[in-house]
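The values are calculated or read from the model by the stated rules, or taken from the named source; none is laboratory data. From a predicted model like this one, the values you see are computed outputs, not experimental measurements. Backbone-built Cβ (ideal geometry, glycine too); neighbour counts: all protein chains shown.
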2 protein chains.
Amino acid sequence: MMKKTLLAWTFLAITLLGQAQVNNTYSLMPVPAQLTENGQPLAITAAFKVSVKGRPDARLYAEASRFVRRLSNKTGIFLDKQGYVTTADTALDAPLLLQVQRPGKLVLGENEAYTITTTTKQVLVTAVTDLGAIHALETLLQLVSTNNRGYYIPGVAINDRPRFAWRGLLLDVALHFMPVEVVKRTLDGMAAVKMNVLHLHLCNDQGFRVESKVLPRLQQVAADGIFYTQAQVREMVGYAAQRGIRVVPEFVVPAHTTAILKAYPEYASVPRKYTLQRYFGVFDPVMDPTNEQLYPFLEKLYTEMASLFPDAYLHIGGDENTGKDWLNTPHIKAFMQAHGMAKYMDLQTYFNRRLLPIIRKTGKTMMGWDEILQPGVPKNIVIESWRGNDAYYSSLRQGYQAILSYGYYIDLIQPASYHYQNEPAPDSAHLTADEVKRILGGEATMWSELVTPLTVDSRIWPRTAAIAERLWSPKTVTDVDDMYRRLNAVSLHLEALGLQHQLYKQMLLRQLANGGNTQALEVLVNVLEPLKIYERNEGDTMYSVFSPFTKLADVATPDQALPRQFAKQVEGYLAAPNAALEDTIAQQLTLWRDNDAAFKQLLNNSPVLGEAAALSEHLAQLAAAGLEALTYLHGHTKASAHWLQQKQATITKARQQGGRCEIQVVDPVARLVAKAGE
Amino acid sequence: MMKKTLLAWTFLAITLLGQAQVNNTYSLMPVPAQLTENGQPLAITAAFKVSVKGRPDARLYAEASRFVRRLSNKTGIFLDKQGYVTTADTALDAPLLLQVQRPGKLVLGENEAYTITTTTKQVLVTAVTDLGAIHALETLLQLVSTNNRGYYIPGVAINDRPRFAWRGLLLDVALHFMPVEVVKRTLDGMAAVKMNVLHLHLCNDQGFRVESKVLPRLQQVAADGIFYTQAQVREMVGYAAQRGIRVVPEFVVPAHTTAILKAYPEYASVPRKYTLQRYFGVFDPVMDPTNEQLYPFLEKLYTEMASLFPDAYLHIGGDENTGKDWLNTPHIKAFMQAHGMAKYMDLQTYFNRRLLPIIRKTGKTMMGWDEILQPGVPKNIVIESWRGNDAYYSSLRQGYQAILSYGYYIDLIQPASYHYQNEPAPDSAHLTADEVKRILGGEATMWSELVTPLTVDSRIWPRTAAIAERLWSPKTVTDVDDMYRRLNAVSLHLEALGLQHQLYKQMLLRQLANGGNTQALEVLVNVLEPLKIYERNEGDTMYSVFSPFTKLADVATPDQALPRQFAKQVEGYLAAPNAALEDTIAQQLTLWRDNDAAFKQLLNNSPVLGEAAALSEHLAQLAAAGLEALTYLHGHTKASAHWLQQKQATITKARQQGGRCEIQVVDPVARLVAKAGE
């Protein structure tokens, strides 16, 4: 059956890609399963109104009202006539008619499909549930187009549904706390790209971030006063539900529990003075599974927390236990021996088996990171894979349902193209149909070691939209260039929702320039990216929770467009030299070469930029080398070995980090230099 | 006694202004009462720490911790060593020592004075209350300076205290609702410029914005679901208290009560179907003061609302009653006749006298807009003046305490210089010492007819900082140019706090350009301001609560810097013609003249900008006229009467509004043109 579906998708995707080539003006993200053009656009005028037929949830009226406001804000057209869309709005000839059979339930696998059919008189949306209709509204806003007469919805017929049921984003609010408004705007962004699960990582060694009435020491001594009240949790969960998004909470055990153990040290494996962790990484504190009192405690904890989150899933973490505190503690060692446990992970499996009925008693399905996948763990749990494909495929093969996070770690500052190409069911894995069925979906993970409310949007968006597309759109939708074209459009669309991924940058540039002109700084920053993977926080001790995240590596964003574009230009030029491209490249190199003088001016007034001084010089030297290489290539002259050697040194220098950033245009210049020597 | 103080201020201000001329690098706002230099700067290094001596409120430790984080964010210096400032931090040799005698009370007239004394070893802050010390922390952050070795606090001795005890900002959250995070960042901005009263305007014809448990229909049917929960009110009031700011709530009666009367129509003067008002202005609905049931109702309302706001003052509005619903209602007319009331305002005075004991029973002092000042109203209330100086002086002379808002209406889009020169006790008013004593202070008013959470920061900041200075600094601090220099610096400082007055503009420019290059749009927008006073919302019916506020008049900010600067340049040139200024002016005019072509390109892709098309053309024509005038002036040739007449027509056209905006550089060009004809 899955194969059949895949065939259908392949067909639809070909239809769509054909369209995309014909008409470059659609910038839908995620790409819908099926889209055909019908040549019947609907003009948007002040007469625009929305009607609803059928029996949707009350949620749809609020979302439809919000749609009208967003459309008005986007087009500048006064749509004052319809303040709110209400149950009284049932006119069948309204410019936008939403036909919905029933309220959608916020459960895994609920029907989220919809159709859109435009005619010059009306856009008709049909959906089984209001969740589908809400997705349709987001599609419509992305479709809004312009011509010399104004705004319109293009003439299209769309038939759309998600490929995977679980399209998640993990937001870590423990390492750096994220206030309610950050969570809300993140939810707005998720809804815009049809994601449907917010996974909140709510506690870790650095703090416990939810008010507990049953175990109040959790927020009293284990949170630095920084936590959500239960009212705020309800507010966020309600806001998410309004957007059609489930909220899955994670309370990690048995390791990463320094905060809990500070509040309740009696459950620790090793008696020591626990204080909140100020650094980030993997630490030894861990609960003592041999303490029988631990389980009633965990039951209290999970029962109360489960009651705050209506979702059917509860995440117990389970990752990164060093085992040291177990192996160094005689009574725990003795327990392991007595129970025939050879490795400390056997003890963690024991712990998980004890925990499972506690979670089940709350009515939830237990899920955890792939460390919890150990021999003997029951199958009715969900594995979230983060450590690599092996664990992921292994869990699918063993019969577990799985969620893929490996390859979607957006905190590691890799390009959107990398995440986009991370296919959950690649042909190379030779998964069976049943195994593929057990893939629930995937989750982008925004761990917050190095992000704050100021920068978090820029680390999530727009790259996460590419992951959202991977999880929603047909498997065959894989054109990276087209993805980047649409990512640009969706980025502007996300900004209209209030996401600050673009504008925080101007703000930080102004702050860093300290009142000076930001231009030279921006020229430099536009070729920088923060160090990737786990390089930035050297030895895990460079940054703490108190560090400033307002510096060069914070204003530099992941996946910079300009270096990507420059690399393409160089590639194109080397493949087929021509004067136009040569000019473009030379102009760009000249700008970089000459930027250092202006940058040095800024330094006088802004010592914080000192860490960028070497980068700016290196960029200038690199650009000079590139210009020299261009001259050789232009004159069809071969550069000397000596020159090559000199420039190689320049290139090596340009690869050095500065301010925890790297210059992103070294490779293309290196290619020009190498070519000049051929 | 007041005269003596004024003399002292004058002396201090002269000291200060003397300093300001010597050293232009301080950008303090408000200007402190006394500042002298001592040549002993303190370098800020990673060893920076804060100690506290004395007995402050717990609030000071939180503010000091926040200070450390802000300093770290500003300088990029890792101040991780001191995560939080705690009662354990008492080292007398800390780089920053705060000496505080006692916790400050959030009451009118509390001691807010502080001193700062820098040496190369330590910055010493002394204050009677922690409120003073918190002001000192803001001063210190504004003082942070740079040299080629890094960041430092200049060597200064500051002795500072406020001129007025009530330095307020009214934020209207009724006409357009402002979410909690907007209120919080507004409070951060207020604290940064030493304002100490947030006046929340919480209900009006458009909605009632606070959850009531006693009268729940208020939020159920009179708020469109848009209101603060009581928990949120407490959160905001607590946040304000943490910043040393009082929150004064306003619940306006007897007019502007359409929302209340929708929920409880039995208290209306005229029985009609009340619906929430969608437009802005003055409307007839009004409570019926002759209904004896009204007063128990008001007691319920005010008693509950008073309990949410710990401040000693409660604002009952009282403004803009048309009287029509009273005069057209027989039983009310009869009541007035029976009680010898000739005018409807006599009935309002009767109502106020009935209301006063109800407010007093809540333990609060009643205040209201200057309409409540009518013969027979007791003296123990506070009058907030908004309709002009006459009412203001009159209330002072009659023995009322008064707060000046007239002249501080920041919603009217007037320049900071206008508000800055609005002196609460001008010599020309010949107020007696007792009358001056009754001036509690002033309030900037951010009415929200035409602002949304997106634009509100740009309407409040940075102009309100100039009002804050007027209310804090010595009366003699009046240099407008220096105010603007410091306003620039404080604007950047406010942005670091999270205020979005600058960055929302880039966001809206991008949205309006619809993915196109924003440059041409920005050139145009930088000479535009929204129509001022009450011009923008023509006939009060152009905009409703549902209108888009994402257009040209929203991206255009008040008090644009570039036109101000251009006017100065033209003034300078006309006073003393020189080649350098002529060049500068010509370059600017050329940019404007040539901008229209690029702007027209944008229009193709962004129909919403159509409303700016004429403005862009007019600016180009105006600039061309200016360039021609310059040529005449350069050649010392007199322009012909015919030319003058033609250019006059161009100038007249350039004065036309477009998109509810006006070009701000017409006057200086008109001056060039006129001069060319002389």
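What to note about this one:
- Screening B:L454 with (1) within 14 Å of another protein chain (Cβ to nearest Cβ); (2) outside any helix (DSSP H, G or I); (3) under 15 Å from B:P558 (Cβ atoms) gives one miss only, at (3).
- Meets criteria (out of contact with any strand residue (DSSP E or B) (no Cβ under 8 Å at 6 or more places or on another chain), closer than 20 Å to B:H315 by Cβ and surrounded by fewer than 24 Cβ atoms within 10 Å (Cβ to Cβ)) for B:Q242: no
- The range B:355-375, residues that are under 18 Å from B:E443 (Cα atoms) and charged (D, E, K, R): B:D370, B:E371
- For the range B:54-89, the tally of residues that are more than 20 Å from B:S145 (Cβ to Cβ) and of a type in the set (K, R) stands at 4.
- Which listed residue, of B:F283, B:F251, is under 27 Å from B:D411 (Cα atoms), more than 14 Å from chain A (Cβ to nearest Cβ) and in contact with a Cys (Cβ under 6 Å, 6 or more places away or on another chain): B:F251
- With respect to the conditions (1) over 14 Å from A:S616 (Cβ atoms); (2) assigned by TED's automatic domain parsing to the domain that holds A:P548; (3) surrounded by 22 or more Cβ atoms within 10 Å (Cβ to Cβ), A:L509 lacks only one, and its number is (3).
- Of residues in the range B:51-81 being within 8 Å of chain A (Cβ to nearest Cβ) and part of a loop (DSSP other than H, G, I, E, B), the one modelled with the lowest pLDDT: B:D80
- Test: residue in the range A:175-184 that is closer than 29 Å to A:E371 by Cβ and either more than 14 Å from chain B (Cβ to nearest Cβ) or touching a Phe, Trp or Tyr at 6+ places or on another chain (Cβ under 7 Å) (or both): yes
- Residue tally, condition of a type in the set (A, V, I, L, M), crowded, with 21+ Cβ neighbours inside 10 Å and within 24 Å of A:P271 (Cβ to Cβ), over the range A:337-361: 2
- Residue check for A:G104: touching a residue at least 40 places away in the same chain (Cβ under 8 Å), more than 29 Å from A:K81 (Cα to Cα), not in a helix (DSSP H, G or I) and not polar (S, T, N, Q): no
- Restricting the first member to the range A:255-279 and to residues that are farther than 14 Å from A:L218 by Cα, and the second to residues that are surrounded by 22 or more Cβ atoms within 10 Å (Cβ to Cβ) and of a type in the set (S, T, Y), the beta-carbon pairs closer than 6 Å and six or more apart or on different chains are A:Q277/A:T258.
- Matching residues in the range A:306-341 - criterion: being in contact (Cβ under 8 Å) with a residue 40 or more places away in the chain and in a loop (DSSP other than H, G, I, E, B): A:F309, A:P310, A:D311, A:A312, A:G318, A:D319, A:E320, A:N321, A:T322, A:N328, A:T329
- Out of A:D540, A:D559, sole residue that is modelled with pLDDT under 95 and among the charged types (D, E, K, R): A:D540
- Applying a threshold of 7 Å to beta carbon distances and a minimum spacing of six or more residues, or different chains, the list of pairs starting in the range A:222-234 at a residue that is farther than 18 Å from A:E181 by Cα and ending at one that is among the basic types (K, R) and buried (at least 17 other Cβ atoms within 10 Å of the Cβ) reads A:A222/A:K262; A:A223/A:R209.
- For A:W447, the conditions (1) within 14 Å of chain B (Cβ to nearest Cβ); (2) at negative phi; (3) touching a helix residue (DSSP H, G or I) at 6+ places or on another chain (Cβ under 6 Å) all hold with the exception of (1).
- Filtered by the rule that a residue be closer than 18 Å to A:L171 by Cα and in a helix (DSSP H, G or I), the range A:246-265 gives no residues.
- Subset tally (residues that are farther than 24 Å from A:V555 by Cβ, among the aromatic types (F, W, Y), assigned to a loop (DSSP other than H, G, I, E, B) and touching a residue at least 24 places away in the same chain (Cβ under 8 Å)) for the range A:386-430: 3
- Segments classed as helices (runs of 4 or more DSSP H), wholly inside the range B:485-599, with at least 1 members that are within 14 Å of chain A (Cβ to nearest Cβ), hydrophobic (A, V, I, L, M, F, W, C) and under 30 Å from B:I467 (Cα atoms): B:503-513, B:552-555, B:561-575
Residue-by-condition table, conditions (1) buried (at least 22 other Cβ atoms within 10 Å of the Cβ); (2) among the hydroxyl-bearing types (S, T, Y); (3) closer than 30 Å to A:I77 by Cα:
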position: B:R459; (1), (2), (3): yes, no, yes
position: B:I467; (1), (2), (3): yes, no, no
position: B:S473; (1), (2), (3): yes, yes, no
position: B:V477; (1), (2), (3): yes, no, no
position: B:D482; (1), (2), (3): no, no, no
position: B:R485; (1), (2), (3): no, no, no
position: B:H493; (1), (2), (3): yes, no, no
position: B:G516; (1), (2), (3): no, no, yes
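- Selection status of B:K379, among the charged types (D, E, K, R) and touching a helix residue (DSSP H, G or I) at 6+ places or on another chain (Cβ under 7 Å): no
Results for (1) at pLDDT 95 or above; (2) under 21 Å from the mean Cα position of the chain (by Cα); (3) assigned to a helix (DSSP H, G or I); (4) hydroxyl-bearing (S, T, Y), shown as yes or no for each residue.
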{"position": "A:T186", "(1), (2), (3), (4)": "yes, yes, yes, yes"}
{"position": "A:L215", "(1), (2), (3), (4)": "yes, no, no, no"}
{"position": "A:L218", "(1), (2), (3), (4)": "yes, no, yes, no"}
{"position": "A:G225", "(1), (2), (3), (4)": "yes, no, no, no"}
{"position": "A:R234", "(1), (2), (3), (4)": "yes, no, yes, no"}
{"position": "A:V237", "(1), (2), (3), (4)": "yes, yes, yes, no"}
{"position": "A:A241", "(1), (2), (3), (4)": "yes, yes, yes, no"}
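- Test result for A:S405, touching a helix residue (DSSP H, G or I) at 6+ places or on another chain (Cβ under 7 Å) and either closer than 24 Å to A:A312 by Cβ or surrounded by 18 or more Cβ atoms within 10 Å (Cβ to Cβ) (or both): no
- Candidates A:I359, A:I383 - the one that is under 19 Å from A:F309 (Cβ atoms) and among the hydrophobic types (A, V, I, L, M, F, W, C): A:I359
- Output for the range A:544-594, where each listed residue is surrounded by 20 or more Cβ atoms within 10 Å (Cβ to Cβ), touching an Asp or Glu at 6+ places or on another chain (Cβ under 7 Å) and more than 24 Å from A:Q621 (Cα to Cα): A:S547
- In the range A:146-166, the qualifying residues are those that are surrounded by fewer than 17 Cβ atoms within 10 Å (Cβ to Cβ) and in a strand (DSSP E or B), and the one that is farthest from the other protein chains (Cβ to nearest Cβ) is A:N159.
- Residue within the range B:654-664 that is surrounded by fewer than 19 Cβ atoms within 10 Å (Cβ to Cβ), at pLDDT 95 or above and of a type in the set (D, E) present: no
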